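First comes the structure, then the notes that go with it.
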Amino acid sequence: MNVQISPSILSADFARLAEEAQAVDGADWLHVDVMDNHFVPNLTLGVPVVEALRKSTGIPLDCHLMIDEPDRWAPAYVEAGASSVTFHAEAVSAPVRLAREIRAKGARASMALRPSTPIEPYEDLLPELDMLLIMTVEPGFGGQDFLDSMLPKIRRTRAMIDRHGLQMWLQVDGGITTQTIERCAEAGADMFVAGSAVYGSGDPGAAVRALRSQAVKARTH
């Protein structure tokens with residue numbers, strides 16, 4: 001799989017979202033964290049902001065729903081313009097049905113796992129998904145330190161994907177920086193969400209290029 005970089009607007013200036021989206025033109029995706037202050041202890045944005053972002057950037061939107069009742073709300077994010085929608089395994093009621101509905105509406109379907117949630121119980125669901133997201137911090141807030149304890153989980157997930165011959169992406173999100181991205185790439189991740197490392201730098205576009213270069217180098221090795 002090719003390396004993909006998805007800058008997280010959670011670390012961007014919310015008063016200048018259109019400009020912040022344009023600042024990462026070299027990115028593959030724009031990661032949009034949706035939080036409801038129930039599933040996680042933070043409140044961010046919703047469907048209207050996704051609709052506005054869709055009109056202001058040509059970068060496809062990667063919406064990560066950290067919310068209760070994703071079965072009810074996820075389809076609206078596809079309709080708002082998301083090209084990929086991620087729901088949490090811990091919150092969804094009918095993951096296969098929801099994944100199929102997201103796909104039927106024209107987006108990629110993804111499932112996320114909290115750090116404490118094992119991958120093994122979900123092995124049979126993988127063919128229904130286009131991507132799996134391994135959280136490498138506790139979801140809810142940006143700027144957290146990467147959890148090295150997630151590297152074995154990334155390796156197990158990559159082995160599982162390869163064993164089934166699936167063409168799905170393995171995404172990591174949380175504490176992804178120039179100091180951690182190579183370890184994640186070596187473990188088998190191919191899509192990387194980076195917030196502070198991109199928007200906390202002086203040049204977001206250059207930060208995206210640097211992260212991509214490191215991940216490509218690590219995967220090549």
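Here, each number is a calculation from the coordinates, and none is a lab measurement. Keep in mind that what you see is a predicted model, and the values were worked out from it rather than measured. Backbone-built Cβ (ideal geometry, glycine too); neighbour counts: all protein chains shown.
A few notes on this one:
- Residue pairs whose Cβ atoms lie under 6 Å apart, separated by 6 or more positions or on different chains, with the first residue in region 175-203 and over 12 Å from residue 10 (Cβ atoms) and the second surrounded by 24 or more Cβ atoms within 10 Å (Cβ to Cβ) and of a type in the set (Phe, Trp, Tyr), are 176/192; 181/192.
- Within region 56-84, tally of residues that are surrounded by fewer than 24 Cβ atoms within 10 Å (Cβ to Cβ), touching a residue at least 40 places away in the same chain (Cβ under 8 Å) and in a helix (DSSP H, G or I): 0
- The number of residues in region 1-44 that are outside any strand (DSSP E or B), buried (at least 18 other Cβ atoms within 10 Å of the Cβ) and of a type in the set (A, V, I, L, M) comes to 10.
- Residue within region 85-93 that is within 18 Å of the chain's Cα centre (by Cα), without any contact (Cβ under 8 Å) to a residue 12 or more places away in the chain and more than 26 Å from residue 207 (Cα to Cα) present: no
- Residue 165 meets all of the listed conditions (1) under 16 Å from the mean Cα position of the chain (by Cα); (2) free of Cβ contacts under 8 Å to residues at least 12 places away in the same chain but one, namely (1).
- Scanning region 163-183 for residues that are more than 16 Å from residue 113 (Cα to Cα) and either of a type in the set (Val, Ile, Thr) or touching a strand residue (DSSP E or B) at 6+ places or on another chain (Cβ under 7 Å) (or both) yields 176, 177, 178, 180, 181.
- Strands (runs of 3 or more DSSP E) contained entirely in region 109-221, each with at least 2 residues that are of a type in the set (Gly, Ala, Ser), surrounded by fewer than 17 Cβ atoms within 10 Å (Cβ to Cβ) and touching a helix residue (DSSP H, G or I) at 6+ places or on another chain (Cβ under 8 Å): none
- Some residue of region 213-220 being within 21 Å of residue 115 (Cα to Cα) and among the small types (Gly, Ala, Ser): no
- Any hit, region 59-77, residues being small (Gly, Ala, Ser) and under 22 Å from residue 5 (Cβ atoms): no
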